[in-house]
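> First, the structure itself, so that you have it in front of you.
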Amino acid sequence: MLEIEIKAYCDDLARVRATVIDRGGRFVRDSVERDIYFNHPARDFGATDEALRIRAVDGRFVLTCKGPKIGERAKSRYEREVVIDDADGMEEILVRLGFSVTDRVEKRRSVYQLGDVEVCFDDVAGAGTFVELERKGMERVAIEDELFRLAAELGLERFERRSYLDLVMERRAT
């Protein structure tokens, strides 16, 4: 399954949220997500454009593997997630296997569902505020077109393909 998403900088999350609600968007949840990213001992995930992370949200832990981005417009990629019940234990196993912690990212996220599209309003520590539009599926080009149409209707214009991890690390380096 592909995760197909676009992400846009947004200085007025309240305005976009109101538009989503006016269009029938339904509130799903508010959360704080804490991510720990890992790098492989034999290849650089930054160079291969892959990701391995443990996400903690609402007392739940998920290990996620993401493949390289596909295409040029959106951030479409293979994604596989598994629920784990011991994040500290999983982190210890990965480190013992030679993986290293790359960095940590924290964000406050509000999620709404608008039809088949998940709309996320994100405030990312060290990176800024964003709106993500996401669908899962295999029809990458058609879904990308749909997401960009919706983004235009929501007034989103300044898109970002880099991950929150990349943005946070870039800001820390400056």
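> Quick check: residue separation of H40 and M138 times 0.36 nm, minus the Cα distance between them. What number comes out in nm?
Here the answer is 32.6 nm.
> Excluding M169 itself, calculate the net charge of residues whose Cβ lies under 12 Å from the Cβ of M169, where each Lys or Arg counts +1 and each Asp or Glu counts -1.
The answer is +1.
> Please rank C120, C10, C65, fewest neighbouring Cβ atoms within 10 Å first, as an exposure proxy.
Listed from fewest to most nearby Cβ atoms, that is C65, C120, C10.
> I'd like the GluC sites (Glu not before Pro) in region 60-167 restricted to DSSP loop residues with at most 12 other Cβ atoms within 10 Å, sorted by number.
Qualifying residues, ordered by number: E72, E139, E157.
> Here's a follow-up. Taking 30 Å as R0, compute the FRET efficiency from the Cβ-Cβ separation of L97 and R29 and round it to 0.05.
0.40
> Scan region 81-173 for trypsin sites (Lys or Arg not before Pro) in coil per DSSP, keeping those whose Cβ has at most 11 other Cβ atoms within 10 Å, and list them by number.
When the trypsin sites (Lys or Arg not before Pro) of region 81-173 are filtered for loop state and at most 11 Cβ neighbours within 10 Å, R158 remain.
> Hey, what number do you get for the chain at 222 nm if only DSSP H runs of n ≥ 4 count, each worth -39500 (n - 2.57), divided across all residues, to the nearest 500?
Result for the chain: -8000 deg cm²/dmol, rounded to the nearest 500.
> Let me ask something additional. With +1 on each Lys and Arg Cβ and -1 on each Asp and Glu Cβ, and nothing else charged, work out how big the dipole of region 2-173 is about its Cα centre, in Debye to the nearest 20.
Taking the Cα centre of region 2-173 as origin, the dipole is about 100 debye.
> Fully extended, how many nm does the chain gain between Q113 and R161 (0.36 nm per residue separation, minus their Cα-Cα distance)?
15.1 nm
> Another one. Would you mind ranking V83, V117 by Cβ crowding within 10 Å, fewest neighbours first?
V83, V117
> Something else: Sort S31, S163 by Cβ crowding within 10 Å, fewest neighbours at the top.
With the fewest neighbours first, S31, S163 line up as S31, S163.
> Modelling each spin label as a point 7 Å along the Cα-to-Cβ direction, I'd like the T48/D88 distance in nm, to one decimal.
3.0
> Using the Karplus equation 6.51 cos²θ - 1.76 cosθ + 1.60 (θ = phi - 60°), what ³J(HN,Hα) coupling, rounded to whole Hz, does each residue of region 125-142 give in order, writing x for Gly and Pro?
4, x, 9, x, 10, 9, 10, 10, 10, 9, 9, 9, x, 10, 8, 3, 5, 5
Readers should treat all values here as calculations from the given coordinates under stated rules, not as data from a laboratory. Since the model is a prediction, treat every value here as computed from it, not as a measurement. Positions of Cβ are backbone-derived with ideal geometry, glycine not excepted, and every protein chain shown enters the neighbour counts.
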